[in-house]
Ligand SMILES: C[S@@+](CC[C@H](N)C(=O)[O-])C[C@H]1O[C@@H](n2cnc3c(N)ncnc32)[C@H](O)[C@@H]1O
């Protein structure tokens, strides 16, 4: 396990840092076919997507700067030019860095489940979060949420089903035999697929 000082933070030179005091930032103003991952971790999934889809633009957001250093190492190694990263809270970053109706797809893959009831307030999936996701997606844009945590899935499903602004296109369990990309390209997806866990998927489209 590397220590904090072992990370090469100079790789963050061109990475946007967002906090509560940051001004609005329209770095993605001109972009179309934009895919965003919130809580992108070490960037396994999103860098694989960027390599597979060179004509699209990708943006990963994560709270932890050392994870974004890992992402930037992958970007350098693969010489990717269609992907950027933001260090910061996902809700703040979505709010400040993107125009309303701009994003084609938002992924949230294997977010921290915060299983204890007293910690549920820390979960990213909540009505305020869904409001921001809805605002930033294009009409017809998708939000994809995947977790291995059944109770977190049920909690999220209840919010989604009570919100008439969405068409729910998939809502349920998928097995380890499912070959969707995010089960093999995400670090957690890949690990848990090997462990033959069940996964839960919510896919919905902005009406
Ligand atoms: C369990 S990891 C999953 C990483 C990746 N999506 C994957 O599937 O491999 C969850 C990630 O979400 C990030 N995270 C947690 N809360 C966040 C927030 N409010 N805003 C942005 N990132 C967040 C964490 O730092 C962590 O890297």
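The values are calculated or read from the model by the stated rules, or taken from the named source; none is laboratory data. These numbers come from a predicted model, not from an experiment. Every residue, glycine among them, receives a Cβ derived from its backbone with ideal geometry; neighbour counts consider all protein chains shown.
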Inset, instruction - Among the residues of region 120-157, write down those that are more than 27 Å from residue 190 (Cα to Cα) and assigned to a helix (DSSP H, G or I). - result: 121, 127, 128, 131, 132, 134, 135, 136
Legend entry - Considering residues of region 26-49 that are more than 9 Å from the ligand (Cβ to nearest atom), modelled with pLDDT under 95 and in contact with a strand residue (DSSP E or B) (Cβ under 9 Å, 6 or more places away or on another chain) only, the residue nearest to residue 130 (Cα to Cα): 34
Inset, instruction - Determine whether residue 170 is closer than 14 Å to residue 204 by Cα and under 13 Å from the mean Cα position of the chain (by Cα). - result: no
Legend entry - In region 50-83, the residues that are surrounded by fewer than 16 Cβ atoms within 10 Å (Cβ to Cβ), out of contact with any strand residue (DSSP E or B) (no Cβ under 8 Å at 6 or more places or on another chain) and closer than 16 Å to residue 110 by Cβ: none
Inset, instruction - Residue by residue through region 113-140, note down the ones that are under 17 Å from residue 205 (Cα atoms), touching a helix residue (DSSP H, G or I) at 6+ places or on another chain (Cβ under 9 Å) and crowded, with 18+ Cβ neighbours inside 10 Å. - result: 125, 129, 130, 132, 133, 136
Inset, instruction - Output yes when any residue across region 105-112 is within 16 Å of the chain's Cα centre (by Cα), surrounded by 16 or more Cβ atoms within 10 Å (Cβ to Cβ), within 12 Å of the ligand (Cβ to nearest atom) and in a loop (DSSP other than H, G, I, E, B), and no when none is. - result: yes
